[in-house]
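Engineer: Submitted below is the structure of interest, expressed as C-alpha cells.
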C-alpha cells in the first residue's frame, strides 16, 4: 500500500528548493503526493507562482488564500491562525501518512500545529539550523512539533539531539535545494545579460534582500544603502522583489524607484532555472537570502550576506558577513569583484538529498510510539 505524503508550500523559495524532491516522491511507486498551496503562491504581486506547481505536474490538493496586506507582523500572525483552521479541514478529509514541511515560515508552523492535533506524523526538513530574527524560534518550534527530521548537516543533527529530539529520528539527508542545481544553471552569462539588456563584460550583481520582522522599520533605508553602494561601484543589478513579510512594502518601493535605471533590472519572480543561472553567472550575490548561505557555494559565487537575517548559520568559504553600512558594503564589493569565484565546496550536501528523502519516507515506522512524542531529556 502506498504512503500518502502532504507537502505545504507558501513561497516560490520553498517550492523551488523542494521541486526535484517533490517530483521524485510523486514518481515513486511507494508514495503519493498532495500539495497544500497558500501564501505568496496565490498572489499576483508575487508572481502567482501556483502556475509553476501546476507546470511541474504535481497534485494540488487545496489552495488556501490569505491576505498578505498590509505587510506587518500582525498580518503574519493572523495568517497563521487562518491557515491552521483551513489546513485542518483538508487534513481531516485526506488523512496523509506524513505532513512534510520545510524551514521556518509561518505556513510551515501552521501545518505542524494542524497535523499534530490530528495525530498525523510530521517530517521537518532543514531543522536544527541557526539564523537571526523570528526565523530561528519558529524553526525550532516546528522541530518540537515534528516526529522525524531530515537535516542538511551533521551540526544540525547534533543541535536537534541536544534540544531533546530522539537520535534515531534525526537523519542527515543534505539540503534538497542542491539537487540538480548545477544542471538547472544551464543559461550562459551572455544569454542572461542579453535577455535583460545588460552588458556581460561589466560586473553583474544578483540582489535578494528580504525584510526582517524585528527591523521592519529600517527595511527601506537598508535597501537604499545597498542600491547606492552598488551604483557607486557601477554594478549592473538584477534584483528580485522581496517576500511578503513585515517591511516588504518599503523594500519594494525603494526597488521600484530604480525601474528606469539603465543598470538595474527588477524581477517579480525568476523561475528556478533562471535563478540558478543568474546565481552561477553573476559576479556576486548580495542580500540576506538563504540562497546565498546554502546554494551559492555550489557555484563558488561570492556572497555579501547583509545584516542579521542569516545570523549563526553554518558558512561556506564564499560567504562574507557584512553590516548594513555603505563603507562596509563597498569594501566587501571590492573584495568580491577583485577576488572572483571561490572554490566550489558546500557543507550543506552533495546533491542527493531527494533520493534519501524518498527512501526514508517509504520505510520509516509509523506507529503509536512515534506519535507519543516526548523530549529525550
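Engineer: In whole angstrom, note down how far apart the Cα centers of region 56-79 and region 142-218 are.
Structural biologist: Their Cα centres are 21 Å away from one another.
Engineer: Remind me, relative contact order of region 56-117 in percent, using alpha carbon pairs under 8 angstrom and six or more residues apart?
Structural biologist: RCO, region 56-117: 34 percent.
Engineer: Could you check the spin-label model distance between residue 321 and residue 130? Points 7 Å from the Cα along Cα→Cβ, value in nm.
Structural biologist: Simple spin-label model gives 0.8 nm for this pair.
Engineer: For a paramagnetic label modelled at 7 Å from the Cα of residue 182 toward its Cβ, which residues of region 336-350 fall within the zone defined by backbone nitrogen distances under 20 Å?
Structural biologist: Under cut-off, by backbone N: 340-350.
Engineer: Taking the Cβ of each residue in 190, 328 as the centre, tally the other Cβ atoms inside 10 Å and list the residues starting with the fewest.
Structural biologist: Listing 190, 328 from fewest to most nearby Cβ atoms yields 190, 328.
Engineer: Going by how many other beta carbons lie within 10 Å of each one, how would you line up 272, 315, fewest first?
Structural biologist: Listed from fewest to most nearby Cβ atoms, that is 315, 272.
Engineer: Just rank 367, 194, 263, fewest to most, by other beta-carbon atoms within 10 angstrom.
Structural biologist: The fewest-first ordering by Cβ neighbours comes to 367, 194, 263.
Engineer: Can you give me the relative contact order of the chain as a percent, contacts being Cα pairs under 8 Å and 6 or more apart?
Structural biologist: 17
Engineer: Can you tell me the equivalent ellipsoid semi-axes for the chain? Use √(5λ) from the Cα gyration tensor, largest first, whole Å.
Structural biologist: Square roots of five times the eigenvalues give 34, 21, 20 Å.
Engineer: Sticking with this structure for a sec: Report Rg/Rh for region 181-339, rounded to two decimals, where Rg is the Cα radius of gyration and Rh the Kirkwood radius.
Structural biologist: 0.92
Engineer: Between residue 194 and residue 355, how many nm apart are label points set 7 Å from Cα along the C-beta direction?
Structural biologist: With each label placed 7 Å out from Cα toward Cβ, I get 3.6 nm.
Engineer: Put a dot 7 Å past each Cα toward the Cβ at residue 59 and residue 89; how far apart are the dots in nm?
Structural biologist: The modelled label-to-label distance comes out at 2.1 nm.
Engineer: Would you kindly state how much longer the chain becomes between residue 261 and residue 273 on full extension, computed as 0.36 nm times their sequence separation minus their alpha carbon distance, in nm to one decimal?
Structural biologist: Roughly 1.8 nm would be gained on extension.
Where a number appears in this text, it was derived from the coordinates with a stated rule and is not lab data. Please read these numbers as outputs of a predicted model, since none were measured by experiment. Neighbour counts run over all protein chains shown; Cβ positions are idealised from the backbone, glycine included.
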